[in-house]
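Working notes, structure below.
The values are calculated or read from the model by the stated rules, or taken from the named source; none is laboratory data. Predicted, not measured: the structure shown is a model, and the values here were computed from it. Neighbour counts are summed over all protein chains in view; Cβ atoms, including those assigned to glycine, are modelled from backbone coordinates with ideal geometry.
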Amino acid sequence: MKLKQLSVFLENCPGHLSRVCEVLAEAGINIVTMTLADTSEFGILRLIIRDWSRAKAVMEAAGFAVNLTEVMAIEVADESGGLEKILKIAEAGGLSVEYMYAFACKAKKNALIVIRFENPDRACAVMKESGIGVLSATEFYTEA
């Protein structure tokens, strides 16, 4: 139950972020969710897009460095301690979280969070064994 995520490496200078959005818009590609992290010299724009393969090709053709990674969309109880429960399960399963970001949509009564684990296959198994809702790509895009 993994999702494909595109990571685009950007120089920290005016116009680079808007250029990514422009390239995708011109191709008629919609961004489902994203996050941006930066250092003093560059940023990493992480995107989840339904048609990720076409988006990757379009951005590479425009000269962007794009990397493909696998992430998970996990249901998190929308209550105090909801995220802690997920992280304790990951910890007990020996899983390292590389990064995560919230997703603005709710799956039924739960919130959604996107997590990149060091070992996505093992993470899927650990979460499912613990009864944690892990969305398939179809379920994720239906919720989006």
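Restricted to helices (runs of 4 or more DSSP H) entirely inside region 1-112, those with at least 3 residues that are at pLDDT below 95 and not assigned by TED's automatic domain parsing to the domain that holds Lys128 are 16-26. Which residue is farthest from Tyr141 (Cα to Cα), if the candidates are limited to region 1-51 and must be over 15 Å from the mean Cα position of the chain (by Cα) and among the hydroxyl-bearing types (Ser, Thr, Tyr)? Among those that are over 15 Å from the mean Cα position of the chain (by Cα) and among the hydroxyl-bearing types (Ser, Thr, Tyr), it is Ser40. Within region 117-141, the set of residues being surrounded by 15 or more Cβ atoms within 10 Å (Cβ to Cβ) and charged (D, E, K, R) comprises Glu139 only. The residue pairs whose first member lies in region 56-85 and is over 20 Å from Ala137 (Cβ atoms), whose second member is surrounded by 14 or more Cβ atoms within 10 Å (Cβ to Cβ) and of a type in the set (Val, Ile, Thr), and whose beta carbons are closer than 6 Å, counting only pairs six or more residues apart or on different chains, are Glu60/Val66; Ala62/Val23; Phe64/Val8; Gly82/Val76; Leu83/Val76. Applying the criterion of being surrounded by 16 or more Cβ atoms within 10 Å (Cβ to Cβ) and hydrophobic (A, V, I, L, M, F, W, C) to the residues of region 45-61, the residue that is nearest to Leu112 (Cα to Cα) is Ile48.
For region 122-129, the criterion of being at pLDDT below 90, within 16 Å of Leu3 (Cβ to Cβ) and assigned to a strand (DSSP E or B) is met by no residue.
When region 71-90 is limited to residues that are within 28 Å of Leu6 (Cβ to Cβ) and of a type in the set (Asp, Glu), the one that is surrounded by the most Cβ atoms within 10 Å (Cβ to Cβ) turns out to be Glu75. If the condition is being in contact with a Lys or Arg (Cβ under 8 Å, 6 or more places away or on another chain) and among the hydrophobic types (A, V, I, L, M, F, W, C), then region 77-100 contributes Ala77, Leu95, Val97, Met100.
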